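Here's the structure we're looking at; comments come further down.
The values are calculated or read from the model by the stated rules, or taken from the named source; none is laboratory data. Computed from a predicted model, the values in this text were never measured in an experiment. Note: ideal-geometry Cβ built from the backbone for every residue, glycine included; neighbour counts use all protein chains shown.
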Amino acid sequence: MSVMNIPYLSLQKITSMHHQAISDAAQKVIDSGWYLKGEATARFERHYAQYIGASHCVGCGNGLDALTLIFRAYKEMGVLQEGDEVIVPANAYIASILSITENNLTPILIEPRLENLQIDASLIERAITPRTRAILLVHMYGCCSWTSTIQEICNRYHLKVIEDNAQAVGCLAETKHGACHTGSLGDAAAHSFYPGKNLGALGDAGAITTDDTQLAELVRALGNYGSSRKYIFPYKGKNSRIDELQAAVLDVKLSYLDEENSRRRQIADYYYRNIHNSDILLMPGRIAWEQCHGNDLSRNYHIFPILCGHRDEMQLWLKAQGIGTMIHYPVPPHKQACYKEWNARHLPLTEAIHEQELSIPCNQAMTDEEVACVVEAINEFRI
């Protein structure tokens with residue numbers, strides 16, 4: 001096959017798909033002379049809350065701040081105390097763990113299931129102790145990790161359910177209330193609009209969604225230096241606010257989100273049907289895809305992961321064919337130097353994922369020809 005030029009993700013191409021609308025929205029903000037806490041922010045917060053299905057949306061600086069502010073607000077409310085335990089998937093991106101330890105809370109790392117790379121619900125209940133107060137559900141790789149079983153466990157033990165929705169915007173879960181978006185399934189949710197996300201800004205931005213009015217008001221105050229009103233500071237807060245430009249851009253892109261997630265699902269469908277290589281140990285999500293007959297709305301394919309025992313060799317092979325890839329993530333949190341107190345732990349499934357995971361291109365800017373070339377290159381890989 002001829003060498004292609006298929007980047008893992010081209011933000012330039014994705015932005016150019018709606019260039020005029022984004023430019024018009026940005027110019028409107030520039031011309032307004034109002035760059036923080038204005039109409040664009042209020043409009044996006046309203047539209048995003050409606051999309052998610054939550055009563056409140058509070059913009060902030062980034063996804064990590066969103067998580068950190070939720071935990072901090074719960075501490076201010078007396079729901080959480082320092083030292084309390086928060087259950088979290090062991091294979092989460094480190095930001096999820098950082099938000100817990102930043103608040104002097106204790107992460108309880110739970111292994112994932114290999115078939116979907118999400119937290120293993122069967123391990124949650126045995127990890128609960130008298131100090132457990134919450135679970136941080138991280139919807140890894142753009143896949144909804146919420147289940148009715150997890151919710152029942154949390155109800156039984158009176159645990160707060162906090163969603164890390166950084167990777168899963170637009171995913172749906174079947175609940176007793178019907179199909180609901182991730183970000184509306186728990187007590188509160190954190191969202192990241194990092195440029196590479198399915199709903200990405202032109203810089204850093206984040207948000208919190210919740211039905212809890214007190215929590216929303218507290219988060220807004222804490223992200224504004226702790227101010228409840230101008231120059232009045234009942235809390236020791238921080239500066240974490242979404243700016244008008246990012247809010248305006250996100251409001252434009254929100255209207256295209258479902259369409260673009262649908263295109264990602266089309267690409268994933270093609271991958272599942274056509275990738276056949278015995279060196280690939282697993283394509284997480286294939287089972288759910290088969291069960292849903294190719295219409296799995298619980299995934300937005302922010303990341304399309306494959307597990308390969310010869311991951312590094314396959315990555316080099318694909319690079320030689322002009323195909324970009326990424327690894328999510330090369331080192332798990334419990335093996336990072338910043339958590340040296342955990343380095344001796346052995347979490348075999350988590351470690352296997354970090355040794356074998358390879359993310360292949362899967363985004364709305366790809367052409368059918370590029371998708372076919374990715375499949376051809378993977379199928380031709382040999383050791």
ask   = Can you name the strands (runs of 3 or more DSSP E) wholly within region 1-116 that have at least 3 residues being closer than 22 Å to A221 by Cβ?
value = 56-60
ask   = In the list I232, I242, I275, I208, which residue meets the criterion of being over 30 Å from R126 (Cα atoms), in contact with a Cys (Cβ under 7 Å, 6 or more places away or on another chain) and of a type in the set (A, V, I, L, M, F, W, C)?
value = I242
key: Answer residue from region 286-303, given it is part of a loop (DSSP other than H, G, I, E, B) and in contact (Cβ under 8 Å) with a residue 40 or more places away in the chain and is nearest to the chain's Cα centre (by Cα) among those   = H302
ask   = Of all residues in region 357-383, which are modelled with pLDDT of 95 or more and among the β-branched types (V, I, T)?
value = I360, T367, V371, V374, V375, I378
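Here's the yes/no breakdown for (1) surrounded by fewer than 16 Cβ atoms within 10 Å (Cβ to Cβ); (2) within 16 Å of A207 (Cβ to Cβ):
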| position | (1), (2) |
| --- | --- |
| E39 | yes, no |
| A49 | no, yes |
| G53 | no, yes |
| C57 | no, yes |
| D65 | no, yes |
| Y74 | no, no |
| G83 | yes, no |
| P89 | no, no |
| A92 | no, no |
key: Unmet criterion (only one of (1) modelled with pLDDT of 95 or more; (2) closer than 19 Å to N198 by Cα) for N295   = (1)
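For region 154-170, name all the residues that are outside any loop (DSSP other than H, G, I, E, B) and either within 17 Å of E125 (Cα to Cα) or among the polar types (S, T, N, Q) (or both). Steps first, please.
Residues of region 154-170 outside any loop (DSSP other than H, G, I, E, B): 154-157, 160-164.
Matches in region 154-170: C154, N155, R156, Y157, K160, V161, I162.
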request  = Mind counting the residues in region 260-285 that are assigned to a helix (DSSP H, G or I) and either among the hydroxyl-bearing types (S, T, Y) or touching a residue at least 24 places away in the same chain (Cβ under 8 Å) (or both)?
outcome  = 13
key: Positions within region 32-79 being within 18 Å of A188 (Cβ to Cβ), more than 20 Å from the chain's Cα centre (by Cα) and of a type in the set (F, W, Y), in sequence order   = Y74
